[in-house]
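In what follows, a single structure is set out as structure tokens and then discussed.
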Amino acid sequence: MRIDVLTLFPGMFEGFLTHGLIRLAREKKLVDVHLHDFREFATDRHNSVDDKPYGGGPGMVLMCGPIFACDEAMRQAGRAAGLPGEPRRIMLSPQGRPVTPALLEELSREPWLSVLCGHYEGFDERIRLGLKPLEVSIGDYVLSGGEVAAMAVIDGLTRMIPGALGAADGARNDSFSRDGAKLEGPQYTRPRSFEGMGVPDVLLSGNHAAIAAWHEDQALKRTQERRPDLLDGTTKDTS
Ligand code: ADE
């Protein structure tokens, strides 16, 4: 899958792309990420990418010109690399559709994704109207920019690409996996005793059926305590 990121801060992605799961997924050629700084497409002598809102108001608004020009260059580069048609465009915004496991799974199947990160007060509406991105939000809070949200989305969808996780079905028992929207229960590793705290006997018993039943029960209890909404069906997957 090719992912083109349009951002004013490509440097923010450097650490993200060179560590952990994303680094491995890139090495396995499961994802091919390209960063584009849309300030490079500014046309005035100050390299402006934003301007005051028409009608007044606080803050600045991202202008159409640099983003449309960057999108066009990105599309040409993708086509030159052999990708057909258009990328599926997403745009990070607190006004977007909430990110869910189903949405991440859907995005993980796209051959080509472009990810537009905003800053300041927001985007000129004509960017939405012209490029028709799917707006997505990672939660009901406002971040200072879309980059951190974009990294969350890219991370979340990459681990859903078959082969990205070490174990073939490593994601299956995760909290919110589609096999059961429950929180993951407690886990233990060595040492067997740490500062007076032990490990539940069942985990040392070697009885695989009992261990599986314990994990299931713990996951249920944790979900009841912390996220009862996941069990009573009041949380709707809106994607
Ligand atoms: N940009 C700023 N806040 C955001 C959020 N909550 N989700 C996605 N993009 C954002």
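The values are calculated or read from the model by the stated rules, or taken from the named source; none is laboratory data. Because the structure is a prediction, the values reported are computed rather than measured. In this analysis, Cβ positions are derived from the backbone assuming ideal geometry, glycine residues included, and neighbour counts consider all displayed protein chains. Only protein heavy atoms, including side chains, enter the accessible area calculation; ligands, DNA and RNA are left aside. Shrake-Rupley method; radii C 1.70, N 1.55, O 1.52, S 1.80 Å.
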Inset, instruction - Name the single residue, out of those in the range 86-100 being touching a helix residue (DSSP H, G or I) at 6+ places or on another chain (Cβ under 8 Å) and more than 20 Å from Cys64 (Cβ to Cβ), that is farthest from the ligand (Cβ to nearest atom). - result: Arg88
Inset, instruction - Kindly list the number of the only condition in (1) open to solvent by less than 50 Å² (accessible area, probe 1.4 Å); (2) within 27 Å of Ala81 (Cα to Cα); (3) more than 8 Å from the ligand (Cβ to nearest atom) that fails for Asp124. - result: (2)
Legend entry - Checking Ser193 against (1) open to solvent by 70 Å² or more (accessible area, probe 1.4 Å); (2) modelled with pLDDT under 95; (3) among the hydroxyl-bearing types (Ser, Thr, Tyr), the condition it does not meet: (2)
Inset, instruction - Identify, from the list Leu113, Leu83, Leu104, Leu157, the residue that is open to solvent by less than 50 Å² (accessible area, probe 1.4 Å), in a loop (DSSP other than H, G, I, E, B), modelled with pLDDT of 95 or more and away from the ligand (no atom under 13 Å from the Cβ). - result: Leu83
Inset, instruction - Would you be able to tell me the number of residues in the range 132-147 that are near the ligand (Cβ under 8 Å from one of its atoms) and open to solvent by 40 Å² or more (accessible area, probe 1.4 Å)? - result: 6
Inset, instruction - Return a yes/no flag: does the range 56-67 have any residue that is open to solvent by 40 Å² or more (accessible area, probe 1.4 Å) and either touching a Leu at 6+ places or on another chain (Cβ under 8 Å) or more than 18 Å from Gly122 (Cβ to Cβ) (or both). - result: no
Inset, instruction - Select from the range 221-238 the residues that are at pLDDT below 90 and either outside any helix (DSSP H, G or I) or surrounded by 14 or more Cβ atoms within 10 Å (Cβ to Cβ) (or both) and list them in ascending order. - result: Gly233, Thr234, Thr235, Lys236, Asp237, Thr238
Legend entry - Within the range 1-26, tally of residues that are open to solvent by 30 Å² or more (accessible area, probe 1.4 Å) and either farther than 25 Å from Glu106 by Cβ or of a type in the set (Val, Ile, Thr) (or both): 8
